[in-house]
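Have a look at the structure below before the remarks.
Throughout, read-outs are computed from the coordinates displayed, never taken from laboratory work. This one's a predicted model, so the numbers in the text were calculated from it and none came from an experiment. Cβ placement follows ideal geometry from the backbone for every residue including glycine, while neighbour counts extend to all protein chains displayed.
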Amino acid sequence: MLRVSRAGLQDLFSRLRHFVLALAAGSVLTACQDSSGQLGNARAYRPIPDDVVAMMHEKGTDSHAPILIRAYKKEAEFEIWKLDHQGQYVHLKTYPMCRWSGQLGPKTKEGDRQVPEGFYTITPGQMNPNSAYYLSFNVGYPNAYDRAHNYTGGAIMVHGDCSSAGCFSMTDEQIAEIYAIAREAFGGGQRGIQFQSLPFRMTAENLAKHRFDPNIRFWKTIKEGADQFEVTKQETRIAVCDGKYVFGAAPKANARLDANEACPPMQDDPDLKARVAEKQRLDDAQVAELIAKGVKPVKVVYEDGGQNPAFTTHALPTSRPDAIARGPVEIPIDEKGRAVVEAVQVAGVAPAKAGAGKLATPAVSGVSTMAKSPAPAGKPSGVASYAPDTVASAPATEDAPFYQRWLGIKPPTAAAAEPALVPNDPEPANVPLPPKRHAQNLSAVKPHASLKPLPEIMAGAHDAPPEGFRAFYPIAR
C-alpha cells in the first residue's frame with residue numbers, strides 16, 4: 001500500500017490549490033474574445049520565468065503576493081516591488097523602458113502624447129491579453145485628481161512593441177514577464193495594483209535642476225506621496241479633495257470625500273507625518289547645498305519622449321526613431337522659467353536601423369542613469385555656461401536644432417529685450433494614437449493564504465464614479 005507522509009499531503013494540497021486558482025483566473029480570461037472572435041491570447045498565460053521566481057523567494061516573497069509599480073520618465077525605468085512576508089514592499093526588479101513619448105510633466109488632454117504622472121490603480125479588468133501591442137494593461141488614467149482638473153484622454157497602457165503615443169512601452173519579452181507577475185498577484189487575491197508614475201527619481205540633484213520648471217509645484221506634491229512609500233515601504237494611502245492629492249490621511253467620522261469640494265476634517269498618522277517631514281527636511285538641505293555649489297536650473301526638452309540608454313547600442317524597431325535620435329536637451333532657465341543660454345544635449349540615442357528584428361530584453365540588474373555629453377573645456381561637467389538675459393542666436397529654421405524650433409527661439413534683435421519663455425505645453429505631434437484595447441475582466445478569487453492586510457489605497461481610479469461620487473475610497477479588506 002502506498003504511504004504518504006503528512007508533509008507530502010500538505011504539499012500536494014498546496015499544489016492543487018494553486019492549480020485551481022490558476023484555472024479560475026484563466027477560465028475567465030479565455031472566455032473573453034477579441035474582435036475577431038478568437039479565444040484569449042496564449043501569450044497572457046506564459047509563466048513567470050524561473051529565475052524571477054527564485055529572486056522572489058530570496059527576497060522573502062512569492063509569486064502570489066501583491067505588487068506595486070513605480071515608473072520614472074526621465075530615467076526611462078520601470079520598477080516592480082513585491083510585498084514580503086513581513087508586510088513591507090521589497091524591490092524585485094528594474095526594467096529599462098523601451099519607449100515613452102511627450103515631455104516631462106502630467107498628461108492634461110487627449111492627443112498630447114504625454115505619459116501621465118501621479119498615482120493610479122490597475123485592476124484585473126484593466127488587463128488586456130488581446131492587445132495589438134503583444135500584451136498590455138491600462139494604468140487607470142484619468143484618476144480622480146485628473147478628472148477634478150478636467151484632464152482628458154484615456155487608454156494609457158503599459159504594453160509591448162516598443163512604440164509609444166502616450167504609453168509606457170516595453171519590449172515584448174519585458175511585457176510578457178511583467179504581465180505574468182501582475183496576473184499571479186491578482187490570482188493571489190490582490191484587487192488593485194498601485195502605480196506610481198513619476199517624472200524622475202526624486203533625488204536632490206533632479207530637484208535642484210528642475211526647481212524653476214513650471215511643473216515643480218505639482219512634482220513637489222506627488223513627491224510627498226513618493227516619500228511616504230520610501231519611509232514605510234507600504235502602499236501610499238491616497239485621497240483627493242479640493243482638487244488636491246491628500247497623502248497618508250483619512251476623513252474623520254467617515255466623512256465623504258469629493259475631489260471637487262473642500263476637504264473635510266482629516267485624521268493622519270503623527271508618526272508617519274513626522275518621518276516624512278524629516279525626509280523632506282534632509283532633501284531640502286541637500287538641494288540647497290547643490291544650489292550653493294552652482295547647480296543651475298534647467299528645463300529638459302524632448303523632441304518626443306525618450307528611451308533607456310540600455311537600448312542605444314542595439315538596433316531596435318521603435319516608434320519615431322527620429323524623435324529620440326538627438327536625445328533630450330537641457331535648457332538653462334531663470335526663476336521665471338525663461339531660457340537664458342544655449343542648450344546642452346544631455347543624452348544621445350542612436351536612431352533605430354530599418355529592418356531590424358525583435359530584441360531580447362537587456363540586463364536589468366542595476367539602476368541606470370542618462371549620460372551627459374562632455375562639457376566644453378573649462379566648464380563644469382553637465383552644467384552649461386550661464387549668461388542672464390541672453391538666448392541662443394541660431395535662426396529658427398527647419399535646419400535649426402529641434403529644441404530651438406520647439407521654443408520658437410529667433411535671432412536676437414535690437415528690439416528683442418525679453419528672453420524667450422519656455423513653454424509648458426508643447427503642441428502634440430500629428431501621430432495617430434494606438435488602436436483601442438479590449439477591456440477584460442477577471443473574477444475575484446480567494447486571497448492567497450499569506451496575503452496580509454493592506455493599507456488603504458486608491459480605488460476607482462479608472463472607471464468614472466457615479467454622479468456626485470468623486471473620491472477614492474478604501475478597498476474592502
Run the simple label-point estimate for Lys279 and Val53 please: 7 Å along Cα→C-beta, distance reported in nm.
3.3
Which percent of Cα pairs goes in each bin when the distances of region 82-221 are cut into 5 angstrom slices starting at zero?
2, 9, 17, 21, 20, 16, 10, 4, 1
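Return the subset of Lys244/Lys293; Lys109/Lys293; Lys59/Lys109; Lys293/Lys336 for which the Cα-Cα distance in this structure is over 32 Å, preserving the input order. Could the numbers behind the result be given before it?
On the way: Lys244/Lys293 34 Å; Lys109/Lys293 38 Å; Lys59/Lys109 40 Å; Lys293/Lys336 21 Å.
The answer is Lys244/Lys293; Lys109/Lys293; Lys59/Lys109.
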For Trp81, Trp100, order by how many other beta-carbon atoms lie within 10 Å, fewest first:
Trp81, Trp100
Just to be sure I understand the model, the point goes 7 Å from the Cα along the line to the Cβ. What's the resulting Ala250 to Glu335 distance in nm?
4.3
Translational diffusion of region 208-300, µm² s⁻¹ [Kirkwood Rh, Cα pairs; Stokes-Einstein; 20 °C; 1.002 mPa s]:
144
At R0 = 25 Å, how high is the FRET efficiency between Gln86 and Ala42 if r is their beta carbon distance? Nearest 0.05 is fine.
0.10
Would you pull out the residues with amide H under 5 Å of Glu77's amide H, same chain only if 5 or more places away, H placed 1.01 Å from N?
Tyr72, Met97
